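Notes for the one structure printed next.
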Amino acid sequence: MSRAIRIHEHGGPEVLKLDNVPIPEPGPGQALIRNKAAGINFIDLHQRAGRYPLPKLPVTLGMEGAGVVEALGPGVTAVEVGDRVSYVMGGHGAAPATYADYTLVDGDALIRLPDEIDDETAAAMTLKGLTAHYLLRGSYPVEAGETILVHAAAGGVGLLLCQMAKAIGARVIGTVGSEEKADLASAHGCDHVILYQKEDVAKRVKDLTGGEGVPVAYDAVGKDTFEASLSSLKVRGVLVSYGTASGPVPPFNIFELNPRGSLYITSAGLAWYTRSRAELMERASELIGMVATGDIVVPVRQRFSLEDTADAHRALEGRFTVGGSVLTL
Ligand SMILES: NC(=O)c1ccc[n+]([C@@H]2O[C@H](COP(=O)([O-])OP(=O)(O)OC[C@H]3O[C@@H](n4cnc5c(N)ncnc54)[C@H](OP(=O)(O)O)[C@@H]3O)[C@@H](O)[C@H]2O)c1
């Protein structure tokens with residue numbers, strides 16, 4: 001049997017149940033992974049609460065995992081039994097399933113890990129690091145010398161995004177919710193940190209950019225930061241909206257983008273930037289290279305056992321976490 005954290009109904013952290021389920025058999029194109037660690041992501045909270053769609057319940061939560069290939073179905077060529085791998089449960093509407101001892105994964109979604117990257121690091125960097133990569137290289141390709149705005153800079157995605165942007169040669173303005181998070185963001189690539197619950201973000205950004213504004217704002221906070229993000233952009237700047245940690249962005253009249261300087265808004269998702277194995281591996285190779293060489297570090301700051309998954313969700317929801325959080329298996 002496999003231990004699995006499942007939900008049988010939507011709701012708060014209390015709906016997370018530790019169940020024993022049969023170990024699944026890999027079908028054609030699938031691999032059975034014995035998980036060693038699972039990443040905890042904000043999307044898990046949205047799925048648990050019923051804010052993002054899920055297939056029919058009960059369902060095992062978790063979108064990010066790392067472990068060892070235990071068995072292969074017919075037709076898998078990307079990996080072999082015994083390989084250490086990490087993965088994101090992929091595709092649009094694909095079911096989560098990594099909060100468990102065993103997970104079935106499409107062979108083409110598996111990323112082989114080098115020895116330098118341990119299981120917990122891999123479980124904290126795959127979904128979040130690939131996200132940072134597509135944001136910086138795909139949704140708005142950042143160039144050396146540009147100044148960018150990153151909200152929730154001390155979060156799981158945030159700390160990787162800031163470091164990667166710094167490695168590209170960008171100047172990074174980050175926003176955070178506390179002094180402690182400000183120190184951490186500064187230690188991970190932020191040149192300037194704004195306490196966004198206390199300061200006027202757009203004014204600070206304009207001050208830091210000679211009145212011009214930034215070419216791109218990466219915004220995963222949503223409702224509370226949308227207006228500040230738009231007001232921080234320079235002419236023809238891009239707001240990359242990729243999350244809704246504070247709630248969904250209210251309805252918006254796109255005509256407002258014109259008088260504000262012909263601005264652009266995109267609502268971005270990782271699945272659209274990892275559409276083929278080739279695209280996934282291109283991003284993963286660069287990410288793994290940056291981690292393996294130490295160009296970026298993956299701060300795993302919170303570890304929980306499977307039994308304590310509800311505490312992990314409470315911590316993330318309550319803004320108590322910094323960097324990455326993992327379940328150890
Ligand atoms: N579209 C994509 O492809 C994609 C992929 C991965 C993640 N995401 C999104 O990226 C964001 C970051 O994900 P993550 O897993 O790394 O989480 P995280 O950043 O570690 O945690 C979320 C952070 O958001 C900030 N926040 C602001 N208002 C909040 C509120 N009302 N409630 C809770 N948090 C609030 C908090 O930081 P402060 O205290 O500093 O404000 C909190 O720590 C999430 O919105 C997630 O859904 C999107």
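With respect to the chain, whose longest principal axis is taken over its alpha-carbon atoms, helix 119-134 is tilted by about 40°.
In this structure the amide hydrogen of GLU146, modeled in the peptide plane, comes within under 5 Å of the amide hydrogens of ARG171, none closer than 5 places in sequence on its chain. Going by the alpha-carbon gyration tensor, a ≥ b ≥ c the square roots of its eigenvalues, is the stretch 139-217 rounded (a/c under 1.5) or, if a/c is not under 1.5, prolate (a/b greater than b/c) versus oblate? Judged from the Cα gyration tensor, the stretch 139-217 comes out oblate (a/c at least 1.5, b/c at or above a/b). Would you mind checking the stretch 286-329 for residues with the amide N under 19 Å from a putative spin-label position 7 Å along Cα→C-beta of MET1? So the set is 306-309, 329.
Across the stretch 229-236, coupling constants 3J(HN,Hα) worked out from phi with the 6.51/-1.76/1.60 Karplus curve, θ = phi - 60°, read 5, 4, 6, 8, 7, 7, 4, 6 Hz, and Gly and Pro carry x. How large is log10 I(q)/I(0) at q = 0.12, 0.15, 0.20, 0.26 Å⁻¹ when the Debye formula is applied to the Cα atoms of the stretch 87-162, each weighted equally and without solvent? Calculated log10 I(q)/I(0) at the listed q: -0.43, -0.66, -1.04, -1.32. An ellipsoid equivalent to the stretch 144-267, defined through the eigenvalues of its Cα gyration tensor, has semi-axes of 21, 16, 13 Å when rounded to whole angstrom and sorted largest first. When LEU54, LEU104, LEU16 are sorted by how many other C-beta atoms sit within 10 angstrom of their C-beta, beginning with the fewest, the order is LEU54, LEU104, LEU16. Between PHE255 and VAL21, the modelled labels are 4.9 nm apart [label points 7 Å from Cα along Cα→Cβ].
Exposed loop positions in the chain were taken to be trypsin sites (Lys or Arg not before Pro) whose DSSP state is not H, G, I, E or B and which have at most 10 other beta-carbon atoms within 10 angstrom. Between these positions, the longest stretch is 57-197. Its DSSP H runs of at least 4 residues, each contributing -39,500 (n - 2.57), put the calculated 222 nm mean residue ellipticity of the chain at -7500 deg cm²/dmol, to the nearest 500. Only Cα sites of the chain enter the Debye sum here, all with the same form factor; the resulting log10 I(q)/I(0) across q = 0.09, 0.15 1/Å is -0.45, -1.21, listed in q order. Filter the cross-link list LYS36/LYS166; LYS128/LYS206; LYS17/LYS128; LYS166/LYS206; LYS36/LYS128; LYS17/LYS181 down to pairs whose alpha-carbon distance in this structure exceeds 27 Å. The answer is LYS36/LYS166; LYS128/LYS206; LYS17/LYS181.
When only alpha carbons are used to place a centre, the stretch 1-38 and the stretch 251-329 end up 22 Å from one another.
We did not get these values from a lab; they are worked out from the coordinates using the rules stated. These numbers were taken from a predicted model, which means no experiment stands behind them. Virtual Cβ from ideal backbone geometry, glycine too; neighbours counted across all protein chains shown.
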